[in-house]
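*Asks:* Pasting a structure here, questions to come.
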Amino acid sequence: MNIAKRKILQAASELFLEGGIAALSVRSIAKKAGVSTIGIYSHFQGKEGILDELYIQGFELVMQAMDFERKELTAKDIVLKGVRGYFAMADVHEGHYRLIFGESDSRYTPSEEAKAVAEKAFGQLLNVTALLLPEKASMALKQKNALEIWAFVHGYVSLKHHAVASIFETPDWYTMAEEAVSVHIDAILAKPENQA
């Protein structure tokens with residue numbers, strides 16, 4: 001990706017973090033990135049193209065967070081390492097995170113390409129969490145477990161980023177989340193039907 005495109009996406013991500021989709025206009029992105037509005041259209045065909053690229057990048061970052069060497073790790077350790085990667089991604093790329101998970105807005109609908117990347121990311125999460133189950137487990141059970149773990153993780157990330165977080169004495173949100181996910185994983189592993 002060339003420098004101008006990177007600057008445009010960085011500017012859009014920062015503006016999105018400051019004010020959501022409402023803060024994004026071709027003019028405001030161009031000004032923050034230090035490029036012309038024509039440059040925006042030539043690289044992305046406007047605001048929709050920029051949002052799509054940020055959405056795709058966000059889910060690619062989620063997949064990268066779950067892509068690591070798994071040798072000599074237990075299934076539980078693999079899931080917890082993926083959870084820690086997810087938390088790190090949510091902190092470092094908060095604008096992307098909020099676009100893909102937290103800031104739905106009728107002014108933006110992901111393209112089919114963007115939806116396909118999101119589906120691929122969920123597939124990767126499904127594959128990671130399926131390691132907790134016997135190979136013969138049904139797809140419905142694999143999806144249920146993946147969604148439960150994702151709900152834990154997303155809930156903690158959302159609370160950490162939410163204004164309500166300021167009323168608490170700075171809890172370590174991610175340690176709390178990891179402990180909750182760990183307990184849930186132990187419960188999954190303890191079910192007789194989930195033991196190989």
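The values are calculated or read from the model by the stated rules, or taken from the named source; none is laboratory data. No experiment lies behind these values; they were computed from the predicted model shown. All Cβ positions, glycine included, derive from the backbone under ideal geometry; neighbour counts span all protein chains shown.
*Asks:* Would you point out the residue of the stretch 21-69, among those that are in contact with a Lys or Arg (Cβ under 8 Å, 6 or more places away or on another chain) and outside any helix (DSSP H, G or I), that is surrounded by the fewest Cβ atoms within 10 Å (Cβ to Cβ)?
*Replies:* 34
*Asks:* Let me ask something else about it. Helices (runs of 4 or more DSSP H) wholly in the stretch 77-196 with at least 1 residues that are modelled with pLDDT of 95 or more and within 26 Å of residue 19 (Cβ to Cβ) - which ones? Full working, then the answer.
*Replies:* Details: elements: 94-97, 112-130, 139-161, 173-190.
Result: 112-130.
*Asks:* Moving on. Yes or no: the stretch 8-17 includes at least one residue that is outside any helix (DSSP H, G or I) and of a type in the set (Asp, Glu). Quick ask: steps written out before the conclusion?
*Replies:* In the first step, residues of the stretch 8-17 are kept if they are outside any helix (DSSP H, G or I); the result is none.
Within the stretch 8-17, not a single residue is outside any helix (DSSP H, G or I) and of a type in the set (Asp, Glu).
*Asks:* Name the residue that is farthest from residue 178 (Cα to Cα), counting only residues in the stretch 112-148 that are of a type in the set (Gly, Ala, Ser) and exposed (fewer than 15 other Cβ atoms within 10 Å of the Cβ). Show your work before the answer.
*Replies:* Step one: of the stretch 112-148, the residues of a type in the set (Gly, Ala, Ser) are 114, 116, 118, 121, 123, 130, 137-138, 140, 146.
Then keep just the ones that are exposed (fewer than 15 other Cβ atoms within 10 Å of the Cβ); that gives 116, 123, 138, 140.
Working: 116: 29, 123: 21, 138: 26, 140: 24 Å.
Once the filter is applied, the top-ranked residue is 116.
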